[in-house]
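A.B. asks: Sharing a structure with you now.
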Amino acid sequence: MQDVVIEDLKLFDDDGAEGPDEILAFSRTVLVDRLHQLLGSTSIQGLRHAIGDLKEQLRAPDSDLRAPTGEVDTVDFEKTHILDELDQIAAARTLERARYYVERLFKSVAEVRTSPINDINLNRWKEYGDIYTDSLWIVKRRDNSGVHNAGYWGNFIPQIPNQMMRRYTKKGDWVLDTFAGLGTTLIEGQRLGRNTIGIELQPDVGERARRLVASEPNLHSIVTELVIGDSTTVGYGDILRRHGQRSVQLVVMHPPYFDIIKFSDDPRDLSNAASVDAFLLQMGRAVDNAAQWLDHGRFLVLVIGDKYEKGQWLPLGFLTMNEIMKRGFLLKSIIVKNFEETTGKRNQAELWRYRALVGGFYIFKHEYIFVFIKR
């Protein structure tokens, strides 16, 4: 097996104590002209003076920099961000360095540079501070905005599909969730402008998901479809053809963690697998069924945890990871995400601490997000 490199660690705080920054809309043509003028400065002192004037113009609501209502060629900036950029230019010790910063800001205004797999403007990468790039996610609370609902044990936090779709898809792309549950991925896809197809085995859960998705505003007029079926056998080709599609650009898989939680009495349910080997066999079939519809060079995301059984740690996450790699997928990243509280352990922290001390084990506080790329 290939070596696995875990990325640098960082903690994430989702408290959101500070309110959203003010968004300012500028006339792109006028702002480009002002930045050209900065590049024409012949001294660092003159450039700093020009920066001061420009900052005043940016702040003034009646400045010709501000985009008039209805103007098409506009560019938006967070107020704090563009002022910080100008402060960095003014703080440069040499005219050469200051011009470098001006040219970088100019590119962020004049050009949009994205990759083939997402809409992130790399000329304005500093503004994506809410997109995670480290491999340890400390998320203090789940996003419960809109119709998101934590009232189902199988739900993962909405931040997971949100982050994955923003990193690995563009608006208008197609996303497949093979274990849809209450439709968390579909809801996030609808918010982000991604077409989403979800498969859910349990009819009652699927119907609840449909109601939730239908009550979330579809501002981007995209497709969201939840299909009741078995992800190991469902006909993805027929579903895609109904929408005039041949493939998807992202697959999200959040299966049951073997038999930790029994979700139904259906023998096809992965939580009812007779053994770990049977679970992995069924998972392999679900991967095979979905993978053939995923474009080459695009991503499959697996969200899964481990299990403690008969006095030993069962590395279910890594066993499932291996099943996917056997099918030719390359492992791109391993993310470790914490969870402080689960439905089964809620309000029982002291009891679980006692059990851990008695049993000599460590309490589960994490799950994995494996990111694979299809060769």
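The values are calculated or read from the model by the stated rules, or taken from the named source; none is laboratory data. Treat the numbers as computed from the prediction; the structure is a model and nothing was measured. Cβ: placed from backbone, ideal geometry, glycine included. Neighbour counts: every protein chain shown.
Matching residues to (1) within 19 Å of residue 251 (Cα to Cα); (2) without any contact (Cβ under 8 Å) to a residue 12 or more places away in the chain:
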site: 275; (1), (2): no, yes
site: 290; (1), (2): yes, no
site: 303; (1), (2): yes, no
site: 316; (1), (2): no, no
site: 324; (1), (2): yes, no
site: 328; (1), (2): yes, no
site: 335; (1), (2): yes, no
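A.B. asks: Could you please find all residues in the range 293-341 being over 24 Å from residue 157 (Cα atoms), assigned to a loop (DSSP other than H, G, I, E, B) and of a type outside the set (Phe, Trp, Tyr)?
C.D. replies: Scanning the range 293-341 gives 310, 311, 326, 327, 328.
A.B. asks: In addition: Being of a type outside the set (Ser, Thr, Tyr) and in a helix (DSSP H, G or I) narrows it down to one of 160, 131, 120, 197, so name that one. Don't jump to the end; show me each part of the working.
C.D. replies: Values: 131 fails: in a helix (DSSP H, G or I); 120 fails: in a helix (DSSP H, G or I); 197 fails: in a helix (DSSP H, G or I).
Only one candidate passes the filter, namely 160.
A.B. asks: Here's a follow-up. Please work out if residue 233 is exposed (fewer than 14 other Cβ atoms within 10 Å of the Cβ), closer than 22 Å to residue 185 by Cα, of a type in the set (Ser, Thr, Tyr) and in the same structural domain as residue 198 (by TED's automatic domain parsing). Step through it out loud before you land on a result.
C.D. replies: Values: exposed (fewer than 14 other Cβ atoms within 10 Å of the Cβ): yes; closer than 22 Å to residue 185 by Cα: yes; of a type in the set (Ser, Thr, Tyr): yes; in the same structural domain as residue 198 (by TED's automatic domain parsing): yes.
Yes.
A.B. asks: Any idea how many residues of the range 62-103 are closer than 16 Å to residue 28 by Cβ, of a type in the set (S, T, N, Q) and outside any loop (DSSP other than H, G, I, E, B)?
C.D. replies: 1
To keep it simple, each residue is scored yes or no on (1) more than 16 Å from residue 34 (Cβ to Cβ); (2) loosely packed, with under 15 Cβ neighbours inside 10 Å.
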site	(1), (2)
81	yes, no
89	no, no
97	yes, yes
108	no, no
120	yes, no
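A.B. asks: To continue, here is another question. Do we find that residue 246 is part of a loop (DSSP other than H, G, I, E, B) and under 27 Å from the mean Cα position of the chain (by Cα) in this structure? It would help to see each step written out before you state the result.
C.D. replies: Working: part of a loop (DSSP other than H, G, I, E, B): yes; under 27 Å from the mean Cα position of the chain (by Cα): yes.
Yes; evaluated as a whole, the condition is true for this residue.
A.B. asks: Consider residue 261 against the criteria (1) among the aliphatic types (A, V, I, L, M); (2) out of contact with any strand residue (DSSP E or B) (no Cβ under 9 Å at 6 or more places or on another chain); (3) modelled with pLDDT of 95 or more: it satisfies all of them except one. Which criterion is unmet?
C.D. replies: (3)
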